[in-house]
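The values are calculated or read from the model by the stated rules, or taken from the named source; none is laboratory data. All of these numbers come straight from a predicted model, not from anything done at the bench. To get the accessible areas, we keep the full protein, side chains included, count just its heavy atoms, and leave off ligands, DNA and RNA. Shrake-Rupley method; radii C 1.70, N 1.55, O 1.52, S 1.80 Å.
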Amino acid sequence: MKFKGQEVTFLGWLDNVWYHFKAPIIIGFLATVILVVCSVQFFSREEHDVFIYVAGERGLAAKDADAFMTEMQDTFAIDSNDDGKTVVDMKIDKFVMVENASGNKKIFNPTEQMNPIQRFNLELADGECIIYIIQPDFFKGNLKYFASFEDTLGYVPDKAISGKGIRLSDLDAYTASMTLGYFPEDYIICIADKDKKYDDEYYNGNVEFLKNLIEWNVKQKQ
């Protein structure tokens with residue numbers, strides 16, 4: 001309030017504004033900070049060329065996951081989006097498994113593992129990942145979600161399973177790689193079925209990654 005004959009200073013004006021509008025100012029400031037942080041993260045985020053989903057009973061420590069992604073992008077991936085960088089990204093879901101009488105492994109007590117189960121189902125139905133490295137029974141139970149090698153590579157590799165996947169241990173790259181051995185030898189590598197949600201360039205880059213893995217020894221001998 002200004003009394004007759006009283007001069008209002010700038011600091012006094014600021015104090016008056018702060019007194020009456022403290023809450024909106026704080027809310028506006030926080031909203032601005034959040035917007036700036038999100039914008040920086042969005043525009044500085046590297047766009048991946050290959051996206052891998054790993055699901056099974058073995059997880060990876062952060063340093064091992066970083067080493068795996070680094071080797072994959074340095075050795076097998078290509079710069080599919082022509083941004084000057086080759087980036088491999090991954091998601092991992094770990095499950096507690098139990099072996100039944102027939103020797104197949106099943107999810108132990110599924111009601112207590114609903115979060116990874118839901119993430120797995122969502123990834124299959126509408127996820128970003130294209131390359132899958134998964135426990136064998138997960139592969140067998142979800143064949144309809146995976147593309148055939150005939151459709152993607154143009155041929156079916158030796159030792160392919162159901163024409164859509166191949167055991168890691170059946171790849172020459174598995175023994176030569178420093179990091180593929182982080183995963184059990186019976187895990188299956190396969191590729192998601194082509195869908196309209198996938199950009200052609202992005203999908204083809206993942207196909208090329210898979211092809212490079214499968215044909216690694218052939219290329220080394222050329």
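Amide H to amide H, which residues 5 or more places from Ile92 or on other chains are under 5 Å from it, using H placed in the peptide plane?
Hits under the 5 Å cutoff: Val54.
Tell me the Kirkwood hydrodynamic radius of segment 170-221 in angstroms, computed as one over the mean inverse distance between distinct C-alpha pairs. Before the final figure, lay out the partial values.
Numbers: mean 1/r = 0.0802 Å⁻¹.
Final number for the Kirkwood radius of segment 170-221 is 12.5 Å.
Please list 3J(HN,Hα) in residue order for segment 118-124, calculated via the Karplus relation 6.51 cos²θ - 1.76 cosθ + 1.60 where θ = phi - 60°; whole Hz, with x for glycine and proline.
Residue by residue, segment 118-124 yields 5, 5, 4, 5, 5, 5, 4 Hz.
Could you rank Trp18, Trp216 by how accessible they are, 1.4 Å probe, largest area first? Could you put the intermediate results ahead of the total?
On the way: Trp18 110, Trp216 60 Å².
I get Trp18, Trp216, largest accessible area first.
Using a 1.4 Å probe, how large is the accessible area of Asp170, given in Å² and rounded to the nearest 10?
Spelled out: Asp170, probe radius 1.4 Å, area about 50 Å².
In sequence order, what are the phi-derived ³J(HN,Hα) couplings for segment 54-61 according to the Karplus relation 6.51 cos²θ - 1.76 cosθ + 1.60 with θ = phi - 60°, rounded to whole Hz, with x for glycine and proline?
10, 9, x, 8, 10, x, 10, 5
Grab the eigenvalues of the alpha-carbon gyration tensor for segment 136-222, scale each by 5, take roots, and send me the semi-axes largest first in whole angstrom.
Working: eigenvalues 84, 55, 29 Å².
For segment 136-222, the semi-axes come out at 20, 17, 12 Å.
Through the Karplus equation 6.51 cos²θ - 1.76 cosθ + 1.60, θ set to phi - 60°, convert the phi angles of segment 164-170 into ³J(HN,Hα) values in whole Hz; use x for Gly and Pro.
10, x, 8, 5, 4, 5, 8
Taking H placed 1.01 Å from N in the peptide plane, check which residues at least 5 places from Asp193 or on another chain put their amide H under 5 Å from its amide H.
Phe146, Ala147
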